[in-house]
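The values are calculated or read from the model by the stated rules, or taken from the named source; none is laboratory data. Quick caveat: nothing in here was measured; it's all calculated off a predicted structure. When we count neighbours, we look across all protein chains shown, and the Cβ atoms used for this are built from the backbone with ideal geometry, even at glycine.
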Amino acid sequence: MNAVLRLFEQRVRGIRLIELIGVALALGMIFWVCLSKAREGEDIRRMNQLDAQITEEQQAVEALKIKVAQLEKPSRLESLARQYLGMQPVSAAHEAKLESLSEISHASSRPMAYPVPAAPAPRPTPAAPAVKTEADLITTIDKPAGAH
């Protein structure tokens, strides 16, 4: 207990040591707050930049959605199908009635006969390779690729 009381009573050049420690801590906190504010300003600036970038990207997405809607218009697709593929709308004569669906189903569901594929010809079994001597191996390696 006496050591703690001595800390409060100790003086450096006429100023108590505890007061010096308090002033140092207060200055440290002030410095820390200033640094935090500076970092906060940088963070706010970066967030504003990101918000602007997000807004630009959203506008680009909306423009692309509008472009896709224009490209997918049925009248445009119909004119392209007529122009490039020669397609025409189905006429009323080609439409099926509900009563004729069973006839159409039976007419188109005939089994088809597929030809049975021929069995593949058996492969000839290769003869066992002859055992090469050391001289054969050297001459085989020395030959250029393609020379037999």
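Numbers at a glance
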{"quantity": "First in the range 57-83 and free of Cβ contacts under 8 Å to residues at least 60 places away in the same chain, second anywhere and outside any helix (DSSP H, G or I), Cβ under 6 Å, 6 or more apart", "calculated": "Ala81/Met87"}
{"quantity": "Enumeration of residues in the range 1-47 that are basic (Lys, Arg) and not in a helix (DSSP H, G or I)", "calculated": "Arg11, Arg13, Arg16"}
{"quantity": "Subset tally (residues that are of a type in the set (A, V, I, L, M) and either surrounded by 10 or more Cβ atoms within 10 Å (Cβ to Cβ) or at pLDDT 95 or above (or both)) for the range 1-23", "calculated": "7"}
